[in-house]
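**Q** Right, I'll just put the structure down here and ask away after.
The values are calculated or read from the model by the stated rules, or taken from the named source; none is laboratory data. The structure displayed is predicted, hence computed values, not measured ones. Neighbour counts run over all protein chains shown; Cβ positions are idealised from the backbone, glycine included. Quick note on the areas: whole protein, heavy atoms, side chains included, nothing else; ligands and nucleic acids left out. Shrake-Rupley method; radii C 1.70, N 1.55, O 1.52, S 1.80 Å.
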Amino acid sequence: PPDPDDLIATVESGSQAYSDADVSSAEVYYYRLTAVDQDGNESSFTDEVSVFTYSSTLEISITRSFGNPSEQRNYRLVALPGDGATPVASTLEGAAGDAWTVYWDDGSSDDFLRAYDGSSTFGFQPGRGFWMLSRSAWAPSGTADAVPLASDGTYAIDLHDGWNIIANPFDRDVTWSAVQAANSVTQALWRWDGSFREASTFASAQSGEAFYFLNDGGLDELVLPYPGAPDA
């Protein structure tokens, strides 16, 4: 690691601001200042301040394929990252019911799968995922605004009672154990690849993947800690 006394920059007297361009995303940087007069006399250091860098945008470049549309096992759990409400239909080619099929799970014990109806329910808002089956590959691309972090470096996604199709809106994977700890839950995370299996990593939706989570504790939201973010 660098020496904490290494000089980063020198600014002239009267300067009111300094911008450090040599930083990386999702890192904590620490700064302190010292003053030097014209004779070279140097003051002691100021108190230390810290900055957590967090990118305001993220890239979307996803390609997910489907098998034979007549086989239910070829459905995929899909999602998009970032802070938006992109209509599902705008990411697909062709007409609903012909070229593709999408369902949302409302968590009910019966008749829980709701078919695409063109409503705002079927928008890729942060943390929401869907079942999808398409005759062609699903390949959304572009940029999206990053979700805003709370002061403790977390973001909360909405939940309903029962089973939820959830997604990680960050640009980084989150360990499921960290999510469990942040919410005091023990329920597993489930991924689908033709059959369900337990997952230890809540992968970023930059992969286009969504997951299943059973909300049997009455939670209104699921708190996600951003990897590397400092506490409040």
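**Q** Mind grabbing the accessible area of PHE66 for me, 1.4 Å probe, Å², rounded to tens?
**A** 30 Å²
**Q** Taking only DSSP H segments of four or more residues, each worth -39500 (n - 2.57), what value at 222 nm results for the chain once the sum is divided by all its residues, to the nearest 500 deg cm²/dmol? The partial results should precede the final answer.
**A** Working: 1 runs with 8 residues, N = 232.
One gets -1000 deg cm²/dmol as the mean residue ellipticity at 222 nm.
**Q** Using the heavy atoms of the protein chains and a 1.4 angstrom probe, tell me the accessible area per residue for segment 145-232 in square angstrom. Present the calculation step by step, with values, prior to reporting the outcome.
**A** Details: 3950 Å² over 88 residues.
Value returned for segment 145-232: 45 Å² of accessible area per residue.
**Q** Continuing with the same structure: Expressed as a rounded percentage, what relative contact order does the chain have, with Cα pairs under 8 Å and six or more residues apart? Write out the running numbers ahead of the final one.
**A** Working: 479 pairs, mean separation 53.1, N = 232.
After rounding, I find 23 percent.
**Q** Still on this structure, please answer the following. How large, in percent, is the carbon and sulfur part of the accessible surface of segment 1-117 at a probe radius of 1.4 Å?
**A** Working: 3790 of 8320 Å².
Carbon with sulfur: 46 percent of the solvent-accessible area.
**Q** How many angstrom separate the Cα center of segment 192-219 from the Cα center of segment 1-65?
**A** 37 Å
**Q** Sorted by accessible area with a 1.4 angstrom probe, largest first, how do ASP145, ASP106 fall?
**A** ASP145, ASP106
**Q** With a 1.4 Å probe and all protein chains left in place, how much of the accessible area of segment 124-229 comes from carbon and sulfur atoms, in whole percent? List each step's numbers first, then the result.
**A** On the way: 2020 of 4430 Å².
Ligands and nucleic acids excluded, carbon and sulfur give 46 percent.
**Q** Sticking with this one: For segment 101-232, just run the numbers: alpha carbon Rg, then divide by 2.2 N^0.38 Å, N being how many residues it has. List each step's numbers first, then the result.
**A** Working: Rg = 14.8 Å, N = 132, 2.2 N^0.38 = 14.1 Å.
Output field value: 1.05.
**Q** Identify, among PRO126, VAL174, THR86, the residue whose Cα sits farthest towards the positive end of the charge dipole of the chain, taking +1 on the Cβ of Lys and Arg and -1 on the Cβ of Asp and Glu, with the dipole about the Cα centre.
**A** Value computed over the given set: THR86.
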